[in-house]
1. Given contacts defined as C-alpha pairs under 8 Å and at least six residues apart, what's the relative contact order of segment 87-199, whole-number percent?
2. Given a cut-off of under 8 Å on Cα pairs at least six residues apart, what relative contact order in percent is computed for the chain?
3. By counting other Cβ atoms within 10 Å of each Cβ, how are Trp193, Trp106 ranked from fewest to most?
4. Can you give the % of DSSP beta bridges in the chain that are antiparallel, to the nearest 5?
5. With a/c under 1.5 counting as rounded, go ahead and sort segment 87-199 into rounded, prolate or oblate using the C-alpha gyration tensor (a ≥ b ≥ c being the square roots of the eigenvalues; past the cut-off, prolate if a/b is larger than b/c, else oblate).
6. Hey, can you rank 20-28, 132-140 by average C-beta count inside 10 Å, highest first?
7. To the nearest 20 debye, what charge dipole does segment 1-102 have about its Cα centre, counting +1 at the Cβ of each Lys and Arg and -1 at the Cβ of each Asp and Glu?
8. Order of Cys165, Cys176 from fewest to most other C-beta atoms within 10 Å?
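Nothing in this text is a laboratory measurement; each read-out follows from the coordinates by a stated rule. Please read all numbers here as calculations on a predicted model, not as lab measurements. As a convention, Cβ positions derive from the backbone with ideal geometry for all residues, glycine included, and neighbour counts pool all protein chains shown.
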Amino acid sequence: MIRPVLHGFAPSVYTRVARLVLHEKGIAHDHTEVNPFDPGLDPAYRVLHPFARVPVLVHGDFILHETAAIARYLDTFPGPALTPQDPRAAARMAQVTGIVDAYGYWPLVRQVFAHRVFRPLEGLAPDEDEIAQGLSVSVPVLAALDRIAGEGLVLTGADITLADCHLAPMIDAFACAPEGAALLAQHGALSRWWARMARRPSITATDPGYGAARAGQDLTVPPAMPERGA
Ligand SMILES: N[C@@H](CCC(=O)N[C@@H](CS)C(=O)NCC(=O)O)C(=O)O
């Protein structure tokens, strides 16, 4: 069987979504490190990703970008199914993915995490207005996800689905900011989900090391990759 290759960036939350799916499925794969924020990014990378983002999955002659599509493709590989059979649970899973992509990523990650955690680690000043705006925009996002987690069709912490994989990296990054952790704590069902989810081996194995980075480690150094599953 041809091994898939994940092109990704160690600190990237979207790369981590794909890595979580690979880990939960136990898919043997290789990894190529690409920094999409590098002004010197090889223009040839746009052959793989016309918008110059990460991740990209290359499987033989099949090139796939957009994380939700990558996750769904990987879920067709052998291993535990990460898509629920129940139509309503499957719909909720797609809904969580949509909420994360459309409303969650920017405020949670690019505004709160990037400015409170990542930029200071890179020696750059945070923009407090971005953080304040990100926190404000995050409130309805967390509320919507909290309702879904409380309903119990997905985000149960028991039967993991692609919804857990898509959401976990965003929440982990957001909660690295003290204000993010405080806001998350106000959402009981979502907090309980994250407390259970954070204990999964896949979360530990794909940890980009924000905690360690806060202690002075370079975040752009990839963790122990390539990761190889069963
Ligand atoms: N819609 C894309 C979003 C991927 C994305 O935004 N990735 C970030 C890293 S987490 C990125 O490559 N950012 C580079 C940039 O914004 O220039 C997906 O679902 O894969």
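1. Numbers: 123 pairs, mean separation 38.0, N = 113.
Taking the mean separation of contacting Cα pairs over the length of segment 87-199, I get 34 percent.
2. Details: 336 pairs, mean separation 64.3, N = 230.
Worked out over the chain, it gives 28 percent.
3. On the way: Trp193 25, Trp106 17.
With the sparsest Cβ surroundings first, the list reads Trp106, Trp193.
4. Details: 8 of 12 bridges.
Once the DSSP bridges in the chain are tallied, antiparallel ones form about 65 percent.
5. Details: a/c = 2.11, a/b = 1.95, b/c = 1.08.
Because a/c hits 1.5 or more and a/b exceeds b/c, segment 87-199 counts as prolate.
6. On the way: 20-28: 22.2, 132-140: 16.8.
Highest to lowest by the protection proxy: 20-28, 132-140.
7. On the way: 9 positive and 10 negative charges, 51 e Å.
Here segment 1-102 has a charge dipole of around 240 debye.
8. Working: Cys165 31, Cys176 19.
By the 10 Å Cβ count, ascending, the order reads Cys176, Cys165.
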